[in-house]
1. Going highest first, how would you order 140-146, 183-189 by mean Cβ packing within 10 Å?
2. State the extension gain, in nm to one decimal, for the chain segment bounded by residue 200 and residue 53, taking 0.36 nm per residue of separation less the distance between their alpha-carbons.
Amino acid sequence: MKNMLPQGTRKKIVISLIVVCIGIMSSTAALDALLKMTYVKKIDDRGSQYFSETLKRAVYAFAIARAINGVISVVQDTKLAVTPAGFGVALGVGEILDPINDLIERFSWIMLISTTSLGIQKIFMEVGIWFGFKILLTFSMFVCLIGIWVPRFSSVNFMSLGYKMVLVSIVIRFCIPAVAVISDEVYDLFLEEKYLKSTESLEKIKREIKNPNLLEQDTENRPGESGFWDELNRMYKDAKETANIRHRLALLKDAVSHCVTYIINLIIVFVLQTIVIPVLVLWGLIRFTGYLLGTNISNALEQRLKAITIKS
């Protein structure tokens, strides 16, 4: 019985074995495989699905904007010439489309930034899963193992350092999936209807701008000499044609004015999803982590771990 190890030493050995097991599991990805059997798998799957679906939506909206921009570029210099009552009148389609052209150019750049941001976040999610547990958690377990047997060396408190590194590794592992889940919830609750209505409306506007009937003109050759009634009939047809074209251009102008609203709605959707919400969530996680590291609960837990490991 005299050779039995002190209770404090036995506790250190048990805790050391647990720390070593966690370190080995995290370094070999066994820990991630174990977590996949829990709710963590749903979080990761939802995060991956969110990035894939949002990227598709962004690419689709970007394609619509570029298509509208291409149609505008084609018809921008178009002139519709009519001759009511023998007097030439030129109606410029491009003049109506000019106000929307610059906005679409800027929208295209915003969508390019949004798709780039989504791609970077998706990569960061994969890096976080790898770096958070396989690298940082493994290293933090090594530091904790040192802290169990050598709590303090010079001014370095290994146990406290290891505890903080564990917390940071967990935040890094789950921060991007948390961003994805929160962004997905915000989209489902507030942004989905706005996105669907805007994209459908922009598709309709694109077809209206591209409609060849808009540029259709009466090219029928009319006889040069005619009687009074023929001349009166021609003036009537010219006036009717002019009124028809002006009506179609008025409809186009109205469609373009609505286009501005839909584009701004899409800008709001993607700026919120790809920039504002991720920044706010990451900022919140950083603040929350700092709060945990400085709270009484955190300090009490840290002191308890020190008490367990220092006893001998």
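Bear in mind that the values in this text are calculations on the coordinates, not laboratory data. None of the values given here were measured: they were computed from a predicted structure. We place every Cβ from the backbone using ideal geometry, glycine too, and count neighbours over all the protein chains shown.
1. In decreasing order of mean packing, 140-146, 183-189 become 140-146, 183-189.
2. So the chain would gain 51.2 nm between residue 200 and residue 53.
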